[in-house]
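Reading through the C-alpha cells given below for one structure.
The values are calculated or read from the model by the stated rules, or taken from the named source; none is laboratory data. Keep in mind that this is a model prediction, so the values were computed, not measured. Here Cβ is always computed from backbone atoms with ideal geometry, including for glycine, and neighbour counts include all displayed protein chains.
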Amino acid sequence: MSRWNIDPAGVQSVLDSVGEDNEGLHKAVGEEQLADCYTGLDWGDGLTACIPDALNRLMEDQQTNLATIINGIDAGRLGVANATTAYNNGQEEMIGVFQTKAATAADDGDFSYFEKHGLLG
C-alpha cells in the first residue's frame with residue numbers, strides 16, 4: 001500500500017460542496033433562466049430586438065463548452081469518490097482506473113463505466 005493518508009470524510013465533505021455548487025451551475029444555465037433573460041428584453045422593442053438572437057447564437061456556440069465543464073465536474077466527483085473508496089479497500093490498481101475513466105467521461109460525457117463498475121451505490 002502507498003504512503004498516502006486519505007481522509008475519506010474530508011474527501012466526502014469537499015465532494016458534497018462541489019456537488020452543491022454544480023447543482024447551482026445546472027440551475028443557473030438552465031432553459032428557464034435563459035427564457036427569463038429573453039423576457040426581460042421585451043421592454044426595449046426595436047432597441048433590444050437583436051439581443052435574443054445574439055444570445056441564442058452565443059448559447060449555441062457555448063453549449064459544448066458548458067457541457068464539457070459540467071461533465072468534467074461530474075466525472076471528477078465520480079472519479080475521486082470511487083478512487084477514494086478503492087484506496088480504502090486496498091485496490092490500488094483501481095485508483096488509476098477510476099481516474100482514467102473519469103478523464104474519459106469528462107471528455108465524452110459517457111458515464112457508463114461508473115454505472116457498471118463504480119464502487120459507490
Original post:
Would the stretch 111-121 turn up any residue that is surrounded by 10 or more Cβ atoms within 10 Å (Cβ to Cβ), under 17 Å from residue 19 (Cβ atoms) and of a type outside the set (A, V, I, L, M, F, W, C)?
Top reply: yes
Original post:
Does residue 45 qualify as being at positive phi, free of Cβ contacts under 8 Å to residues at least 40 places away in the same chain and surrounded by fewer than 16 Cβ atoms within 10 Å (Cβ to Cβ)?
Top reply: yes
Original post:
Does the stretch 59-74 include one or more residues that are farther than 14 Å from residue 25 by Cα and surrounded by 17 or more Cβ atoms within 10 Å (Cβ to Cβ)?
Top reply: no
**OP:** Give me the pairs, please: first residue somewhere in the stretch 18-29 and assigned to a helix (DSSP H, G or I), second residue anywhere and modelled with pLDDT under 85 and of a type outside the set (A, V, I, L, M, F, W, C), beta-carbon distance under 9 Å, and either six or more positions apart or on two chains.
**Re:** 27/33
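Taking residue 72, is it in contact (Cβ under 8 Å) with a residue 40 or more places away in the chain and under 19 Å from the mean Cα position of the chain (by Cα)?
Values: in contact (Cβ under 8 Å) with a residue 40 or more places away in the chain: no; under 19 Å from the mean Cα position of the chain (by Cα): yes.
So residue 72 fails the test.
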